[in-house]
1. Positive end of the dipole of the chain, charges at C-beta (+1 Lys, Arg; -1 Asp, Glu), about the Cα centre: which of Gln54, Asn281, Met84 has its Cα farthest in that direction?
2. So between Glu180 and Glu94, what do we pick up on full extension, going 0.36 nm a residue minus the alpha carbon distance?
3. Taking the dipole about the Cα centre of the chain, with the C-beta of Lys and Arg at +1 and of Asp and Glu at -1, give me whichever of Ala19, Pro304, Thr254 is farthest to the positive side.
4. What dipole magnitude, in Debye to the nearest 20, does the range 4-132 give about its Cα centre under +1 on Lys/Arg Cβ and -1 on Asp/Glu Cβ?
5. Taking the range 215-246, which trypsin sites (Lys or Arg not before Pro) meet the DSSP loop condition and have no more than 15 other C-beta atoms within 10 Å?
6. What number comes out for the charge environment of Gly263, summing +1 per Lys or Arg and -1 per Asp or Glu over other residues with Cβ under 10 Å away?
7. How much net charge surrounds Ala45 when only the other residues with a Cβ under 15 Å from the Cβ of Ala45 are counted, with Lys and Arg +1 and Asp and Glu -1?
8. Determine which lysines satisfy two conditions relative to Lys143: a Cα distance under 23 Å, and not lying fewer than 8 residues away in the same chain.
Amino acid sequence: MTSLGIGLIGTGFMGKAHALAYRSVNAVFGDVPDVRLELLCDQPADKAGDMARQFGFSRATGDWRELVSDPAVQIVCITTPNKMHAQMAIAALECGKHVHCEKPMGLTLDEAMRMEAAAEGSGCKTIVGYNYLANPIYQHARKLVREGAIGVPVHFRGFVDEDYQADPETAWTWRAIRAEAGLGALGDLGCHLVSLMQGLMGAVATVVADVDTVHKMRPVEGSAERRPVENEDIANALVRFENGTTGLFSTSRTAWGRKSRIGWEVHGTTGMICFEQERMNELQIYQNTGNKGLDGFRTILAGPAHPPYGNFCPAPGHQLGFNDLKTIEVRNFLQAIAGGHRAHPDFKTALELERVIHAIDRSAALKRLVSVNRAPVDDR
Ligand SMILES: NC(=O)c1ccc[n+]([C@@H]2O[C@H](COP(=O)([O-])OP(=O)(O)OC[C@H]3O[C@@H](n4cnc5c(N)ncnc54)[C@H](O)[C@@H]3O)[C@@H](O)[C@H]2O)c1
């Protein structure tokens, strides 16, 4: 395969993560097609020009439609705010481009379904930025669970918390309105936990949920005006998996002190495995050996025994970082394009994740248990 031209839209937090990942993926792995950092888009156009120089892209534009139709671009990366994902992804697929889109897919389940439909039969590959799935220690946890290291999994507990909306005086932004952000904590944070939870426990069948908006009005920067917050700061759900086991799911963007807490535990019949994203190179495992004198949790520290850690560093315990997860995600995507297989999670799989967060939202609105609905039926 000849080299693949990358077109990146957005140069913020995730734009930089994508740029770093596509720049370094071949140096880290050496087993993917060559990529060219072809075209960078942001607004205004002169910002795109400056960032293209910084990130190492050949050209820049202020018009994303020009980027998705550019003949030298084969992969379109979408790292813009949520409200632009659907129109950009669908336009890129219609131009025959592979699409690497940030999460959540869209503002609504309907948008996500339209994106999935556009990908289906397009002949193009897709992937959604559920980068925490790429953590080698998470994949090791999945292997341990599958191999029975804690017996049969019987229960899941998970939390995903940050404090970026904890201060009631933090200014109102687009993140507060459904027309621009979609869901609140669920779309921003909770969807990541769903991706990890379903990877460990299987598909969610039903949820019974409650949500809360803690700070209902926020100040508009530079004025005395306060505007309403339309989406949730907190969501809690009792989960029933399709395999019959239960789970507890909780997310908050108003949790003071939590910077990137993605904490989960899988309880098994003979032990437990626990993880905390703020210590993303460690797993805690408890195995009931019957030896009371040695009873307790053990820490497994990430190392070359947990592929592909060794591609980044030959020494255990030296630790991977957040941006490395994006590099692994990009490798998975490039391998799917080269090999002709589905990337994980592609639009089809990511749609199943997004059904869960929208089911939680729906359950809270209806104040009752709802099924996740593999098909888009109204189950009121
Ligand atoms: N996977 C993850 O772990 C993760 C982490 C953070 C954010 N995200 C997701 O990434 C997306 C972006 O979030 P972010 O934190 O990087 O936001 P950001 O505000 O830092 O960056 C957004 C970028 O999009 C650009 N942009 C906005 N409108 C544009 C337009 N019309 N044309 C071209 N460029 C435009 C902005 O100028 C900016 O460079 C969101 O969907 C968010 O949910 C994912």
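Here, each number is a calculation from the coordinates, and none is a lab measurement. Owing to the predicted nature of the structure, the values given are computational and were not obtained by experimental measurement. Heads up, the Cβs are rebuilt from the backbone with ideal geometry, glycines too, and the neighbour counts pull from every protein chain shown.
1. Farthest towards the positive pole: Asn281.
2. Working: separation 86, 0.36 × 86 = 30.96 nm, distance 2.34 nm.
Gain on extension, Glu180 to Glu94, equals 28.6 nm.
3. Farthest towards the positive pole: Pro304.
4. On the way: 12 positive and 15 negative charges, 53 e Å.
I would put it at about 260 debye.
5. Details: sites: Lys216, Arg226, Arg240; in loops: Lys216.
Within the range 215-246, the qualifying trypsin sites (Lys or Arg not before Pro) (loop, at most 15 other Cβ atoms within 10 Å) are Lys216.
6. Numbers: positive: Arg157, Arg258, Arg261, Arg279; negative: Asp161, Glu265, Glu276, Glu278.
Taking every Cβ under 10 Å from that of Gly263, the sum is 0.
7. On the way: positive: Lys47, Arg53, Arg59, Arg65; negative: Asp42, Asp46, Asp50, Asp63, Glu66, Asp70.
After counting each charged neighbour, the total is -2.
8. List returned: Lys326.
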